[in-house]
Each structure stands twice: as C-alpha cells, then as structure tokens.
Amino acid sequence: MVANNDRTSPASEALDLAGIGIGPSNLSLASLLDGVGNVRAHFYESRASFDWHPGMMLPDVELQSSYLKDLVTPVMPTSPWSFISYLVAHKRLYAFLNAHYEAVPRREFAQYLAWVAGQLKNLTFERPVREVTFDKDQFLLRLDSGTVSARNLVLGTGTTPFVPSWATPFLGEKCFHNSQAKHRLPGLKASRIAVIGGGQSGGEVVEALLNSKSTLKELNWFSRRHNFEPINDTAFSNQVFSPEYVYAYLNLNNDQKLEALKASILTSDGLSISTINAIYRRLYSLRYLENRNIEAKLSPNRDVIQVEADKDGYRLIVRNRFDGGVEVAHADAIVLATGYQFRLPDAFAGLQERIQFDRNNRAVLNNDYCLSWSGPKQNRIFAQNAGRHSHGIADSQLSLMAWRSAHIINALLGGDHFDLEPHDSQVNWLSTGHDAMSQSMAVDY
Ligand SMILES: Cc1cc2nc3c(=O)[nH]c(=O)nc-3n(C[C@H](O)[C@H](O)[C@H](O)COP(=O)(O)OP(=O)(O)OC[C@H]3O[C@@H](n4cnc5c(N)ncnc54)[C@H](O)[C@@H]3O)c2cc1C
Ligand SMILES: NC(=O)c1ccc[n+]([C@@H]2O[C@H](COP(=O)([O-])OP(=O)(O)OC[C@H]3O[C@@H](n4cnc5c(N)ncnc54)[C@H](OP(=O)(O)O)[C@@H]3O)[C@@H](O)[C@H]2O)c1
C-alpha cells in the first residue's frame, strides 16, 4: 500500500487509483482497499479534516439508514473499519445498545466516519484537486503542493446544492441553501422566514426554526410535493436498496429507468416519520400549550417560481399546483431546501470534452461505475454517487456504498476479490427467465 504522504513528488510512480474527495463514498472505498495489498491508491480532500455535511448538523438530526450499512460491513463484516468496531474501540457498545436508538444520531455516525478517516493511511486532507488532465497513459492531478499521477481515478466529490436560477441573485446572509443552515440560522435576524422544499433537509430546517429561541413570527414552508410526504421505509419498498434491485434496474432502458426512479423517490427522499412527528407536535405545543405567537403556514403543492426584493425583504410568487392559483408571500429570509445534484467538479473542465453526456446533459456512467470517455479503456474514471439515474435511487444514499466500493475494487482488479454474487431476491423485478446479473454488471470485468 501507499505510504502516509500525499505522493506529490513528480518522481513518484503513478498510483493505480487516485480518489478525488473524501466523503462517505470514497471513505468506504479507502477502507475496503486497506485490506487489499496490491493496489496503490490515495485519496485527496479539500477540507482540513473529515466533516460530514457540517452545515446540516442541526440538533437531534438522525441517520436515515441502518448503522450496519456502514463503510464496510455489508461486504466485509470482519473489517476493522465497521461502526461496531468504532463502538468497541470507544468502549460504548453496551451503552449504545442500551440506548435503543430507533435511528442513530447523525452526530454519532459522523464521529464514526471521522474516526476511520483519522486512521487510514491512504488519505490526505487539505488538498483540493484543482485540475485533472490526461497525458499519454495517466491522469495528472494538480494539487497546491504539486502534481500526482494515476492510472485510474475515482470521483467522490458528492452532490452540489441545487439553487433555482431565480434565487441566485439574492444569495447571501438572508437567502441561502440549507447546506449552510448550521452556520447561518443562529445569527439570522428575520421575523418572517420562508423554507422552500419539503424533503428531509427542509423538514430539519423547519424543526430547528420552531425549536429556536429566535424572534420568528411567521414561518412559511413550501413543498412542491402533494403533501409533506413521509419516507417509505417499509420492507418491500426497501428492496430498492439491495444489490439485487440494482442488477435488475441495469437491464432497463432510459425511459424505464426514469419511471422506476420516479416510482421509488419516496423510499429515499421523503421526510423521516420522527421529523414529521416532531414538527407536528411542536406546532401543537406552540399553538395550544404555550400560546406562542408563531404563525406557521404549511403549503404543499406549491412551486415557488419567482422571487423579487421588496422594501423590507422578499416577495415570493408561488404557483399552487392543487387548484392552479397563483399566490404572493413575503419573507425577510429564505432558506432554499431545494435539493442537491451531481455534477462534474470544476477540476474536470479540461477533460469535459472527452466525456460522454446523455441528452439530459448527464455524464454517462457504465454499469461498473465508470464514466464513458474517449481515453484509453484501461484508464478508467470511476464515479461514486453519480448514478441515481443510471443505477437507481440507492446510488445517492449510504445504503449500498460498501457494495458499490467493492464492485469498483473488483472492476479495478479485474476479478472477484469481493463476492458480489447477488442473494435470491424476494421480489421478482424482471420478467420470468431473465437473468439480471448476466446481462448487467458481470459483463464489464
Ligand atoms: C444532510 C444530509 C444528510 C444525509 N443523511 C443520509 C442518511 O442518513 N442516510 C443515507 O443513506 N444518505 C444520507 N444522505 C445522502 C448521502 O448519503 C450523503 O449525501 C453522503 O454524504 C454522500 O457521500 P459522498 O461521499 O458521495 O459525498 P459527500 O459527502 O458530499 O463528500 C464529497 C467530498 O468531496 C470533497 N470535494 C469536492 N470537490 C473536491 C475537490 N475538487 N478536491 C478534493 N475534494 C473535493 C468535498 O469537500 C466533500 O468532503 C444525506 C445527505 C444530506 C445532504
Ligand atoms: N437526516 C438525514 O438522514 C437527511 C437529512 C437531509 C437530507 N437527507 C437526504 O439527502 C437527500 C436530499 O434531501 P433534500 O431534502 O436536501 O433534497 P430533496 O429530497 O431533493 O428535496 C428538495 C425538495 O425541494 C423541492 N423544490 C425544488 N425547487 C422548488 C421550488 N422552486 N418550489 C418548491 N419546492 C421546490 C423539490 O421538489 P420536487 O420533489 O418537485 O423536485 C424537492 O421536493 C435525500 O435523499 C434525503 O433523504 C437525509
């Protein structure tokens, strides 16, 4: 394995794999590679240390997935980098079990991830990758400290906050994406606040606002969905977070994928039941028990289509999809909980022309998580968390990250280092007689 340095000396031999970004996805890959002797891999991260969505680390937020779907357990339960190993190392396994968490606090899971990141030797922090180019048979990564060369890349730069174009001119102290909530909410001087977006981020911001001791007088929460929809966390629905489902999904054409994705959206993007209950009970308490004067307007089916500055804040133009009406709302501050999107990092500008995009301008991802590009076949650009459309809803979640990392390692080594043979699916996704595996991922090794 690679020594604990950032390998920027021009004389150093090319890495087998260079990772860009160290969030949970690439941390999972780095953890699994720690047990694979013959791969020289190193990962680079902009931040000074591991930090998991710090701008959304609001009070009492919880993990939406099982702690057993950690960095390694689903494919290598004997790894030292499991969540259970972290609990044991911190001498709190029994205490954790006695706490009977229905969902693990996100703070705890973030501490686990940081604990792993603090020990792996194949990571370097405070090294933003500024530019990636390709020369002959290797990628060159420009860092502030020099250049690293690698035969293969793995992108783990995550998703980027989505800001609607009408909001861009107003971005700042009083109009911001939820990814900055933790830092901006405490100092926010606003008595009328609009939260736009009815997903889990919007819910967590609303809950934090209702619990804060601020001067809030009016809260407008807009959701474009039919209602403030809960996450579908039931047994059959959760089958979409299984390798078997991915193998089946890969057999679909583009239109079928889009349909399947739409149909499964609430398995991933709905509101946690605990968040819904917390908000509802807080509103109940404010209204009936505390007699506090916060006017909370909950407006589903609303598409915010325009924002204008008015003399003491913002004027929002909102289309009501329920009855077709158009409404006007006013706010002193706006929190945009409008989602996240995958896009190639700016460092890829020079490679952009060589990468294939589909008609919706999405970078094309092959079944084995490689971007389709015009360079030599043996130089691969793997991409994590980039395949929500190509590989299904689970790709943007933690649930299958260990399995996806194992798949990438198998593809890199050209063999079955990890046993990824699918289990028997309890749900028959494909037509009878169709062998999902043979026609999807197995082909690319
Ligand atoms: C608030 C929040 C909570 C979530 N909770 C859950 C959950 O409970 N369960 C679940 O299944 N999913 C959850 N998700 C969805 C998903 O699992 C997370 O977004 C997860 O963090 C994705 O991991 P990632 O490594 O792909 O990306 P990220 O976590 O976004 O990490 C990407 C990293 O790349 C770095 N980077 C970017 N560009 C460069 C560059 N040029 N050079 C170097 N480094 C760079 C960034 O600094 C960052 O650290 C959550 C999402 C959000 C927004
Ligand atoms: N605690 C946790 O575990 C946690 C916390 C936060 C996030 N997450 C996860 O991270 C992912 C992202 O969640 P998210 O809440 O940030 O994003 P999201 O689920 O994509 O929700 C964003 C919402 O904003 C809506 N929206 C966008 N533009 C709008 C507009 N102009 N007017 C009204 N509504 C608008 C979208 O509507 P449409 O639906 O119509 O597009 C969407 O419903 C999810 O998978 C989520 O589960 C997890």
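The values are calculated or read from the model by the stated rules, or taken from the named source; none is laboratory data. Since the model is a prediction, treat every value here as computed from it, not as a measurement. In this analysis, Cβ positions are derived from the backbone assuming ideal geometry, glycine residues included, and neighbour counts consider all displayed protein chains. Side chains are part of the model used for accessible areas, which takes the heavy atoms of the whole protein and leaves out ligands, DNA and RNA. Shrake-Rupley method; radii C 1.70, N 1.55, O 1.52, S 1.80 Å.
The single residue among LYS91, LYS69 that is assigned to a loop (DSSP other than H, G, I, E, B), on the phi > 0 side of the Ramachandran plot and either within 16 Å of ligand 2 (Cβ to nearest atom) or surrounded by fewer than 19 Cβ atoms within 10 Å (Cβ to Cβ) (or both) turns out to be LYS91.
In segment 314-330, the qualifying residues are those that are among the small types (Gly, Ala, Ser) and farther than 18 Å from GLY198 by Cα, and the one that is least open to solvent (accessible area, probe 1.4 Å) is GLY325. When the residues of segment 199-229 are filtered to those that are within 12 Å of ligand 2 (Cβ to nearest atom) and open to solvent by 50 Å² or more (accessible area, probe 1.4 Å), the one that is farthest from PRO186 (Cα to Cα) is HIS226.
Name the residue, out of ALA309, ALA248, ALA278, that is in contact (Cβ under 8 Å) with a residue 12 or more places away in the chain, closer than 30 Å to SER431 by Cα and not assigned by TED's automatic domain parsing to the domain that holds ASP419.
Exactly one of ALA309, ALA248, ALA278 is in contact (Cβ under 8 Å) with a residue 12 or more places away in the chain, closer than 30 Å to SER431 by Cα and not assigned by TED's automatic domain parsing to the domain that holds ASP419, namely ALA248.
The residues on offer are TYR67, TYR44, and the sole one that is modelled with pLDDT of 95 or more, among the hydroxyl-bearing types (Ser, Thr, Tyr), assigned by TED's automatic domain parsing to the domain that holds ASP395 and touching a strand residue (DSSP E or B) at 6+ places or on another chain (Cβ under 9 Å) is TYR44. If you go through segment 301-313 and keep only what is open to solvent by 30 Å² or more (accessible area, probe 1.4 Å) and within 33 Å of the chain's Cα centre (by Cα), you end up with ARG302, ILE305, GLN306, GLU308, ALA309.
Would a scan of segment 379-399 turn up a residue that is more than 16 Å from ligand 1 (Cβ to nearest atom) and in the same structural domain as LYS136 (by TED's automatic domain parsing)?
Yes, some residue in segment 379-399 is more than 16 Å from ligand 1 (Cβ to nearest atom) and in the same structural domain as LYS136 (by TED's automatic domain parsing).
Restricting segment 239-264 to residues that are surrounded by fewer than 17 Cβ atoms within 10 Å (Cβ to Cβ) and within 14 Å of ligand 2 (Cβ to nearest atom), which is farthest from LEU365 (Cα to Cα)? By that ranking, first place goes to ALA263.
Among all positions in segment 107-121, there is at least one residue which is within 16 Å of ligand 2 (Cβ to nearest atom), within 23 Å of LEU266 (Cβ to Cβ) and either under 18 Å from the mean Cα position of the chain (by Cα) or touching a residue at least 12 places away in the same chain (Cβ under 8 Å) (or both). When ILE334 is tested against (1) assigned by TED's automatic domain parsing to the domain that holds ALA194; (2) out of contact with any Cys (no Cβ under 7 Å at 6 or more places or on another chain); (3) open to solvent by less than 80 Å² (accessible area, probe 1.4 Å), exactly one condition is not met: (2).
Cβ-Cβ contacts under 6 Å between residues 6 or more apart (or on different chains), taken from a first residue in segment 175-186 that is basic (Lys, Arg) to a second residue that is in a helix (DSSP H, G or I), are listed as LYS182/GLY55. Going by the structure shown, is ALA167 open to solvent by less than 10 Å² (accessible area, probe 1.4 Å), assigned to a loop (DSSP other than H, G, I, E, B), farther than 30 Å from LEU140 by Cβ and more than 11 Å from ligand 1 (Cβ to nearest atom)? No. Here is a list: VAL116, VAL195, VAL132. Which entry is modelled with pLDDT of 95 or more, in a strand (DSSP E or B) and within 14 Å of ligand 1 (Cβ to nearest atom)? Being modelled with pLDDT of 95 or more, in a strand (DSSP E or B) and within 14 Å of ligand 1 (Cβ to nearest atom) holds for just one of VAL116, VAL195, VAL132, which is VAL132. Listed by first and then second residue, the pairs with beta-carbon distance under 9 Å, at least 6 apart or on different chains, first residue in segment 287-306 and without any contact (Cβ under 8 Å) to a residue 12 or more places away in the chain, second surrounded by 11 or more Cβ atoms within 10 Å (Cβ to Cβ), are ARG287/ILE294; ARG287/ALA296; ARG292/SER285; ARG292/LEU286. The test for being within 30 Å of ALA194 (Cβ to Cβ), modelled with pLDDT under 95 and of a type outside the set (Ser, Thr, Tyr) does not hold for ASN385. Could you go through segment 136-159 and let me know if any residue there is open to solvent by less than 40 Å² (accessible area, probe 1.4 Å), in contact with a strand residue (DSSP E or B) (Cβ under 8 Å, 6 or more places away or on another chain), assigned to a helix (DSSP H, G or I) and within 16 Å of ligand 1 (Cβ to nearest atom). Within segment 136-159, not a single residue is open to solvent by less than 40 Å² (accessible area, probe 1.4 Å), in contact with a strand residue (DSSP E or B) (Cβ under 8 Å, 6 or more places away or on another chain), assigned to a helix (DSSP H, G or I) and within 16 Å of ligand 1 (Cβ to nearest atom).
For LEU430, the conditions (1) closer than 17 Å to ASN152 by Cβ; (2) out of contact with any Asp or Glu (no Cβ under 8 Å at 6 or more places or on another chain); (3) modelled with pLDDT under 95 are fulfilled apart from (1). Just checking, does segment 72-82 include any residue being within 12 Å of ligand 1 (Cβ to nearest atom) and part of a loop (DSSP other than H, G, I, E, B)? There is no residue in segment 72-82 that is within 12 Å of ligand 1 (Cβ to nearest atom) and part of a loop (DSSP other than H, G, I, E, B).
Scanning segment 286-295 for residues that are open to solvent by less than 60 Å² (accessible area, probe 1.4 Å) and either at pLDDT 95 or above or touching an Asp or Glu at 6+ places or on another chain (Cβ under 8 Å) (or both) yields a total of 1.
Please specify each residue of segment 26-56 satisfying the condition of being within 16 Å of ligand 2 (Cβ to nearest atom) and either aromatic (Phe, Trp, Tyr) or open to solvent by less than 20 Å² (accessible area, probe 1.4 Å) (or both).
Within segment 26-56, TRP52, GLY55, MET56 qualify.
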